[in-house]
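**Q** The following block contains the structure, expressed as structure tokens.
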Amino acid sequence: MEEDDRATPSTVRDTYDHIASHFATTREYAWPEVESFIETTDALTERTAPANSATRPIVGLDLGCGNCRHAELLAAADTVDRVLGLDISRNLLETGRERARTNEFSVALCQGDAATLPLATDAITVGIYVATLHHLPTRALRRRSLDELGRVLRPDGRALVSVWSTAHDRFDSDDAAETGFDTTVEWTLPGGETVDRFYHIYSPPEFERDLERSALDLREWELSSGNCYAVVAGTQE
């Protein structure tokens with residue numbers, strides 16, 4: 001299927017600004033895959049300081065943070081010194097700010113584009129990038145975003161990346177196809193208004209291929225409940 005030429009980063013931003021308050025109320029709990037990753041990743045459990053140097057701060061990034069339910073998990077990890085939350089939607093960031101205030105955890109919030117991260121190279125120790133990459137409306141932007149994650153992620157760091165895939169039960173598609181497809185998925189607001197949200201539904205081979213061609217070191221990936229999940233490392237020298 002051709003890329004959806006109606007979707008742009010600004011329309012994606014406007015969509016989530018519009019539905020932010022209601023969307024955030026439906027995203028109370030962290031995904032178990034994210035909980036497991038944070039609990040077991042060696043980026044947090046096996047860290048040692050380089051010889052003759054001070055230990056660098058351990059920085060967590062929730063990329064596409066929404067209401068910061070996963071930033072909250074990072075903030076609760078004993079070894080994490082600082083947590084950043086980045087989202088293109090200012091209104092979603094406000095829901096994250098309110099969650100941090102209510103649940104009393106610390107997160108530095110930033111409005112930004114996942115394809116052009118306003119972060120220093122080699123700055124992030126552990127990253128969560130779930131349910132966001134598939135909202136970037138072109139192949140070029142999705143690949144650039146993976147490269148950007150590779151740029152900011154330390155070589156000894158780790159990140160979890162997830163996308164919806166053609167293996168999901170709601171899609172009547174061949175999950176062995178080489179490429180996925182673009183579509184829209186409706187969000188229904190209280191009162192009945194429906195809002196179309198852009199998705200690129202990845203085929204599993206396409207997801208693996210894009211990761212392998214990016215500035216990330218693909219460590220492992222799997223399908224779970226119709227989603228593709230990958231653990232990646234940075235590759236900066």
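**Q** Extension gain SER224-ALA30, at 0.36 nm per residue separation less the Cα-Cα distance, in nm?
**A** 68.3 nm
**Q** Same structure, new question: Once you have the Cα-Cα distance between ASP156 and ARG90, take 0.36 nm times their residue separation minus that, and quote the gain in nm to one decimal.
**A** Between ASP156 and ARG90, full extension yields an extra 20.6 nm.
**Q** Please give the contour-minus-distance gain from THR45 to ALA108: 0.36 nm per residue of separation, less the Cα-Cα distance, rounded to one decimal in nm.
**A** Taking THR45 through ALA108 to full extension adds about 20.4 nm, to one decimal.
**Q** Next question. Round to the nearest 10 and give me the degree value, 0 to 90, for the angle of helix 9-25's Cα axis relative to the longest principal axis of the chain.
**A** Value to nearest ten degrees: 80.
**Q** With a 1.4 Å probe and all protein chains left in place, how much accessible area per residue does segment 168-227 have, in Å²?
**A** Roughly 54 Å² per residue, with all protein chains present.
**Q** Order 73-86, 211-224, 183-196 from most to least packed using the mean count of other Cβ atoms within 10 Å.
**A** 73-86, 211-224, 183-196
**Q** When ligands, DNA and RNA are left out and all protein chains stay put, how many square angstrom of accessible area per residue does segment 24-120 have with a 1.4 Å probe?
**A** 52
**Q** Would you work out what percent of the accessible area of the chain, with all protein chains in place, is carbon or sulfur (probe 1.4 Å)?
**A** 45
**Q** Using per-residue counts of other Cβ atoms within 10 Å, averaged over each peptide, order 147-157, 13-23 from highest down.
**A** 147-157, 13-23
**Q** Which residues in segment 59-95 have a backbone N closer than 18 Å to a point placed 7 Å from the Cα of THR8 along the Cα-to-Cβ line?
**A** 88-90
The values are calculated or read from the model by the stated rules, or taken from the named source; none is laboratory data. Predicted model only: the values in this text are computed from it and were never measured. Glycine also receives a Cβ, built like all others from the backbone with ideal geometry; neighbour counts cover every protein chain displayed. Quick note on the areas: whole protein, heavy atoms, side chains included, nothing else; ligands and nucleic acids left out. Shrake-Rupley method; radii C 1.70, N 1.55, O 1.52, S 1.80 Å.
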